[in-house]
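S.K.: Take a look at the following structure, please.
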Amino acid sequence: MSLQNEQVKHSECPRAEIVEYLDGELFPRVEFDLELHFANCGICFDELNSQKKVSTTLEILLEEESELINLPENFTKVVTVNAESDLTGLRSPQERSKALLICVILFVLIAFGFSVKGEIVIFAVERFSGQIFAVGSFVLHLFYTLAIGISAIFGSLTDKFIFSSTVMIIFIITSFVTSFYTLSRMVFRYNHTQKT
């Protein structure tokens, strides 16, 4: 029974925090609690010492290697600038479409690979695409019906109120031209900011 309790006790040890402790990344309170744990747990204390030895050995090896390899002084700066400026793959729409195509192909391959019968997957995809098509056609029909209704209402209003006076016609034409000019300026500014 005591061996089982000892195993349960050691399975609850904070071994993942040992590296953070050595790197100085823990809050002072957590660090203090961990040091108390090290004083009472021999396994964690031994793990701490072995991690210190590994860290020290790595530091010695890195110092010896850095003496053999002569890097330029601005090496870090050059690598950072190149990494920040070379984001062509992230900015290109073609890369996104290629990635989407690859994901779809992988999805289909995985679906066929994990299915016992390929016919089940084909039936499920066919059913799913049929439902998507049905929803899409419903939405398109709804917008079509709304557009017809709005145009009928707008047509009757324009015949009755707008085109009965020349002042309203001039007002509508001026509003349309102003709106078109403002929208074109906004699109131009948006395109200009995307290029820079």
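S.K.: Describe numerically, in nm with one decimal, the distance between label points set 7 Å from Cα along Cα→Cβ at residue 126 and at residue 110.
M.R.: The answer from the label model is 2.5 nm.
S.K.: May I pose another question? With r as the distance between the Cβ atoms of residue 181 and residue 100 and R0 = 41 Å, compute the FRET efficiency 1/(1 + (r/R0)^6) and round to 0.05. List each step's numbers first, then the result.
M.R.: On the way: r = 37 Å, r/R0 = 0.90.
Taking R0 as 41 Å, the efficiency between residue 100 and residue 181 is 0.65.
S.K.: Using a basic spin-label model with each label point 7 Å from the Cα along Cα→Cβ, how many nm lie between residue 61 and residue 191?
M.R.: So the two model labels end up 5.7 nm from each other.
Computed from the coordinates by the stated procedures, all read-outs in this text should not be read as laboratory data. The model shown is predicted, which means the values in this text are computed figures rather than measured ones. Every residue, glycine as well, gets a Cβ built from its backbone with ideal geometry; the counts of neighbours run over all protein chains shown.
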